[in-house]
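Chemist: Next up is a structure, given as structure tokens.
The values are calculated or read from the model by the stated rules, or taken from the named source; none is laboratory data. Quantities reported herein were computed from a predicted structural model and do not represent experimental measurements. Counting neighbours? That spans all protein chains shown, and the Cβs are built from the backbone with ideal geometry, glycine included. Ligands, DNA and RNA are excluded from the accessible area calculation, which covers all protein heavy atoms including side chains. Shrake-Rupley method; radii C 1.70, N 1.55, O 1.52, S 1.80 Å.
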2 protein chains.
Amino acid sequence: MEYFPAALETLVEQFARLPGIGSKSAQRLAFYVLSLSEEETQRFADAIVTAKRTVTLCPVCRNLTDGGLCPICSSAKRDPSVICVVADPRDVVAIERAREFSGRYHVLHGVISPMNHIGPDDLEIKSLLDRVAGGGVEEVIMATNPDTEGEATAMYLARLLRPFGVRVTRLAYGIPVGGHLEFADDATLMRALEGRRDI
Amino acid sequence: MEYFPAALETLVEQFARLPGIGSKSAQRLAFYVLSLSEEETQRFADAIVTAKRTVTLCPVCRNLTDGGLCPICSSAKRDPSVICVVADPRDVVAIERAREFSGRYHVLHGVISPMNHIGPDDLEIKSLLDRVAGGGVEEVIMATNPDTEGEATAMYLARLLRPFGVRVTRLAYGIPVGGHLEFADDATLMRALEGRRDI
């Protein structure tokens, strides 16, 4: 017995394929689409196709862009001698939000993860080395996540970058601002003590 | 400062408009779309437009259908003398899953809810009365949810249906199968006692 019209079932299946969307949520989303106007559904569908068609990777930093050089790589205000290496385009957004960094980025699109069969060749590592080899780079900041895979990737890249004679740094570890000492885990506390500063 | 390419921002906004999808989830979904092949994104977009274009309401029971009479209304196996009134097409699915009901349905597309400015004229009530007035109906089962609005809607419809001389019934209340007495709320226990049966 088919419970829903075929076109609705198809839409539910499409939504259910999205990450974090279960079958109940997929149903809810499909019903919501039916409640939209035909114009609105067309706009939604167009947004999907257009995003996929027009969003490309910046030829220099591999961040997402509308085509051609990304706004950061093409900005004369951004210092080309400092490259901040991140795993994901969303990390660029996070760092930009802090309004502290004025250099440029390099997006790896993942971290080395043997468990998930992601090796160095699956990441934007060659493009990073080419950039550094091109000259003009003084510092590379490793801003991968402070978890096992992020650490390993940072260490791996640091070793690859050593021959180029650039300074390779890592984001500081410590207690998050606004955090509570009693809730900090042992590893974070240890790193916070190691990295203590004079005041 | 624009963080994401415009086409990606547009897609994030579209996802964020969906019910239950916050801005972080919308970002996650938009990135997932970028990871799909162009063919897959086209299929997703088509599913949205096609569902909206082809799914209509059955002219008799107002349930969702691919066009024309719905499968249940057009099935000779389904008893046309019993109509089960539900608030939502998803309730039809729930009841069909129980494989117990062999009559037909009528979908109200909501319940009377003064708080949300939904009155009787916003629901498929006239089409129900026309159906019953057309003759051949012996029983109308009120299967709206057992909450305040569902109850009120059932009571309201029961009063409207009285002049037609049909039997109007309500789903039984009680302890859910597999439920625990100790976790049942007072109202449910009271209804379960009221509705007790000889064994």
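Chemist: Filter the stretch A:36-56 for residues that are touching a Pro at 6+ places or on another chain (Cβ under 9 Å), at the interface with another protein chain (Cβ under 7 Å from one of its Cβ atoms) and open to solvent by 40 Å² or more (accessible area, probe 1.4 Å) and give the result.
Modeler: Listed by number, the list holds a single entry, A:54.
Chemist: Answer yes or no as to whether residue B:154 is closer than 19 Å to residue B:61 by Cβ and touching a Leu at 6+ places or on another chain (Cβ under 6 Å).
Modeler: no
Chemist: Check the stretch B:9-22 and report whether any residue there is hydroxyl-bearing (Ser, Thr, Tyr), open to solvent by less than 20 Å² (accessible area, probe 1.4 Å) and more than 20 Å from the chain's Cα centre (by Cα).
Modeler: For the stretch B:9-22, residues hydroxyl-bearing (Ser, Thr, Tyr), open to solvent by less than 20 Å² (accessible area, probe 1.4 Å) and more than 20 Å from the chain's Cα centre (by Cα): absent.
Chemist: For the stretch A:132-176, which positions are of a type in the set (Val, Ile, Thr) and more than 25 Å from residue A:188 (Cβ to Cβ)?
Modeler: A:132, A:137, A:166
Chemist: While we're on this one: Scan the stretch B:165-188 for residues that are closer than 18 Å to residue B:82 by Cβ and out of contact with any Gly (no Cβ under 9 Å at 6 or more places or on another chain) and report the count.
Modeler: 7
Chemist: Here's a follow-up. Tally up the residues in the stretch A:134-153 that are part of a helix (DSSP H, G or I), hydroxyl-bearing (Ser, Thr, Tyr) and either open to solvent by less than 20 Å² (accessible area, probe 1.4 Å) or within 14 Å of residue A:108 (Cα to Cα) (or both), please.
Modeler: 1
Chemist: Which is under 16 Å from residue A:142 (Cβ atoms) and either out of contact with any helix residue (DSSP H, G or I) (no Cβ under 9 Å at 6 or more places or on another chain) or not polar (S, T, N, Q) (or both), of A:79, A:88, A:66?
Modeler: A:88
Chemist: Still on this structure: Identify, by number, the condition in (1) closer than 30 Å to residue A:56 by Cα; (2) not in a loop (DSSP other than H, G, I, E, B) that residue A:163 doesn't meet.
Modeler: Condition not satisfied by residue A:163: (1).
Chemist: Limited to the stretch B:114-133, what total is found for residues that are assigned to a loop (DSSP other than H, G, I, E, B) and open to solvent by 70 Å² or more (accessible area, probe 1.4 Å)?
Modeler: Total meeting the criteria: 1.
Chemist: Within the set of pairs 6+ apart or on separate chains, which have a first residue in the stretch B:60-86 that is hydroxyl-bearing (Ser, Thr, Tyr), a second that is in a loop (DSSP other than H, G, I, E, B), and C-beta atoms under 7 Å apart?
Modeler: Going by the 7 Å Cβ cut-off, the qualifying pairs are B:65/A:5; B:65/B:58; B:81/B:136; B:81/B:137; B:81/B:138.
Chemist: Pull out all pairs, ordered by first then second residue, where Cβ-Cβ is under 9 Å, the residues are six or more apart or on different chains, the first lies in the stretch A:156-185 and is closer than 30 Å to residue A:134 by Cβ, and the second is acidic (Asp, Glu) and open to solvent by less than 100 Å² (accessible area, probe 1.4 Å).
Modeler: So the pair list comes out as A:166/A:139; A:167/A:139; A:168/A:139; A:169/A:139; A:170/A:151.
Chemist: Tally time: how many residues in the stretch A:108-151 are among the charged types (D, E, K, R) and touching a residue at least 40 places away in the same chain (Cβ under 8 Å)?
Modeler: Residues flagged as among the charged types (D, E, K, R) and touching a residue at least 40 places away in the same chain (Cβ under 8 Å) within the stretch A:108-151 amount to 4.
Chemist: State the number of residues belonging to the stretch B:1-35 that are of a type in the set (A, V, I, L, M, F, W, C) and more than 7 Å from chain A (Cβ to nearest Cβ).
Modeler: Qualifying residue count, the stretch B:1-35: 6.
Chemist: Does the stretch A:154-169 contain any residue that is open to solvent by 60 Å² or more (accessible area, probe 1.4 Å) and under 20 Å from the mean Cα position of the chain (by Cα)?
Modeler: yes
Chemist: With (1) touching a strand residue (DSSP E or B) at 6+ places or on another chain (Cβ under 9 Å); (2) more than 11 Å from every other protein chain (Cβ to nearest Cβ) as the list, and residue A:100 as the residue in question, which single condition is left unmet?
Modeler: Result: residue A:100 fails condition (1) only.
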